[in-house]
Amino acid sequence: MNATSTSSALEDSSGEGQVSELCMDIVKVSLLFFGIFGIFGNFNIILATYTHKSLRSKCGLLLAILAFCDFWCLAFELLSAVRILTNTAEMPRKHCFWSISFYLFIENVESYMIFAVGFDRLLAICLPIKYMLFRARYYVPLIIVPGVVYSVTLMVLGIVYLDDATIPVCNPPLAYANFTADVWNYTTMIICLTTIIVYVSTYTMLYKIAPKHASLNALAQIKVQKIMVKTLTVNVLAYFSSSLLSALLIAVMRAIRLSKDAIADVETYAVIPGLLSYSINYYVYFWRSSEYRSAFKKQLRCYCLTRKVKKIGQGALFTTRVDNGYMRHFSMSMTRASG
């Protein structure tokens, strides 16, 4: 960070801080890296869920919805990278808010969805018979509703308190005005902590309480649940370390009243841990879940086969064109000779 970041001369007339060049460079690379690999991964999760019936369980559908949210979050982050690379990232907050309004909505739904997946696992363990009787077509929309309500509420707050201050980078932390940003930070921390509590409760049920009172069939189900929960726990740890720590850092920086330039840098850096959270799921499922790994391998083989067939087709077309050209040349030569 620049040594003069505390100087009021570097703060623009709108009262917002300036982001340092080093911060911008690091964010550029992060946006491109996580954007490309994350979009590829989340697209494959959605495709695998669509093409494999075994992955369309209630939990599988929730994971696909989470991947859908992550996909769009990363797509907007790539748009942010383009803005930074073309030096069009600075803009009025009002323009930024409306240009990424869908991102703001879907990002808050994404935060809730990680909690929803954990709550789904807790329900499956605590109420196994009732859980099996729930129909996915009703259960999945019902469990999503609170996340939509939460996101809409934040959007309304964002609109009510929206101002026209100029912000250095258009991203979620800076798109909200100060009051809405504080509400967003604190609610994000609450969701993170609630998610951790849900997963701790799930672990307690799986490893301490349920095995003592389970039949042989139930023990087999518990074994399956353990595999799923272990896989999801890696995602939760990534989410916890990214969302909660970023929100805490922003809250602390605001509370101790550091320079506006320092706060602008921190709020911009806060995007990077979020990128990790959006991008990691595919690679965790590939590593931890045999069912997802099998589906992903089939898709990768399909991609490779498609490229191979395309190359063969292009080669055949080239050969045909060469052969046709040779035959025309040969025919003309024979005609001249006979003449």
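Of the residues making up the range 85-107, those that are at pLDDT 90 or above, over 11 Å from Asn171 (Cβ atoms) and not in a helix (DSSP H, G or I) are Met91, Pro92.
Per the listing Ala218, Ala247, Ala264, the residue uniquely in a helix (DSSP H, G or I), at pLDDT below 70 and either more than 30 Å from Leu127 (Cβ to Cβ) or in contact with a strand residue (DSSP E or B) (Cβ under 8 Å, 6 or more places away or on another chain) (or both) is Ala247. Ile45 fulfils the conditions (1) over 29 Å from Tyr303 (Cβ atoms); (2) surrounded by 22 or more Cβ atoms within 10 Å (Cβ to Cβ); (3) not polar (S, T, N, Q) except for a single criterion, (1).
For residues that are closer than 30 Å to Ile125 by Cα and without any contact (Cβ under 8 Å) to a residue 24 or more places away in the chain, scanning just the range 56-99, find the one that is farthest from the chain's Cα centre (by Cα).
Within the range 56-99, the match that is farthest from the chain's Cα centre (by Cα) is Gly60.
Is the range 69-76 home to any residue that is touching a helix residue (DSSP H, G or I) at 6+ places or on another chain (Cβ under 9 Å) and over 21 Å from Ala270 (Cβ atoms)? Looking through the range 69-76, none of the residues is touching a helix residue (DSSP H, G or I) at 6+ places or on another chain (Cβ under 9 Å) and over 21 Å from Ala270 (Cβ atoms).
Tell me whether the range 112-128 contains one or more residues that are part of a loop (DSSP other than H, G, I, E, B) and either surrounded by fewer than 20 Cβ atoms within 10 Å (Cβ to Cβ) or over 20 Å from the mean Cα position of the chain (by Cα) (or both).
yes
Selection within the range 129-148: residues that are part of a helix (DSSP H, G or I) and of a type in the set (Lys, Arg). The member of this set that is nearest to the chain's Cα centre (by Cα) is Arg137. When the range 160-173 is limited to residues that are in a helix (DSSP H, G or I) and under 19 Å from the mean Cα position of the chain (by Cα), the one that is modelled with the lowest pLDDT turns out to be Pro173. For the range 32-86, filtered to residues that are among the aromatic types (Phe, Trp, Tyr) and in contact with a Ser or Thr (Cβ under 7 Å, 6 or more places away or on another chain), the residue that is nearest to Phe97 (Cα to Cα) is Phe34. Pull up the range 278-298, narrow it to residues that are farther than 17 Å from Ser54 by Cα and among the aliphatic types (A, V, I, L, M), then point me to the one that is surrounded by the most Cβ atoms within 10 Å (Cβ to Cβ). Restricting to residues being farther than 17 Å from Ser54 by Cα and among the aliphatic types (A, V, I, L, M), the top hit is Ile280. Screening Thr202, Thr187, Thr180 for residues that are among the polar types (S, T, N, Q), under 15 Å from Phe115 (Cα atoms) and either modelled with pLDDT of 90 or more or touching a Gly at 6+ places or on another chain (Cβ under 6 Å) (or both) leaves exactly one candidate, Thr187.
Taking the residues in the range 15-32 that are of a type outside the set (A, V, I, L, M) and exposed (fewer than 14 other Cβ atoms within 10 Å of the Cβ) as candidates, determine which candidate is modelled with the highest pLDDT. Can you show your working first?
Narrowing the range 15-32 to residues of a type outside the set (A, V, I, L, M): 15-18, 20-21, 23, 25, 28, 30.
Still in the list and also exposed (fewer than 14 other Cβ atoms within 10 Å of the Cβ): 15, 21, 25.
Working: Gly15: 48, Glu21: 80, Asp25: 84.
Within the range 15-32, the match that is modelled with the highest pLDDT is Asp25.
The values are calculated or read from the model by the stated rules, or taken from the named source; none is laboratory data. Predicted model, so just to flag it, every value in this text is computed and none were measured. Virtual Cβ from ideal backbone geometry, glycine too; neighbours counted across all protein chains shown.
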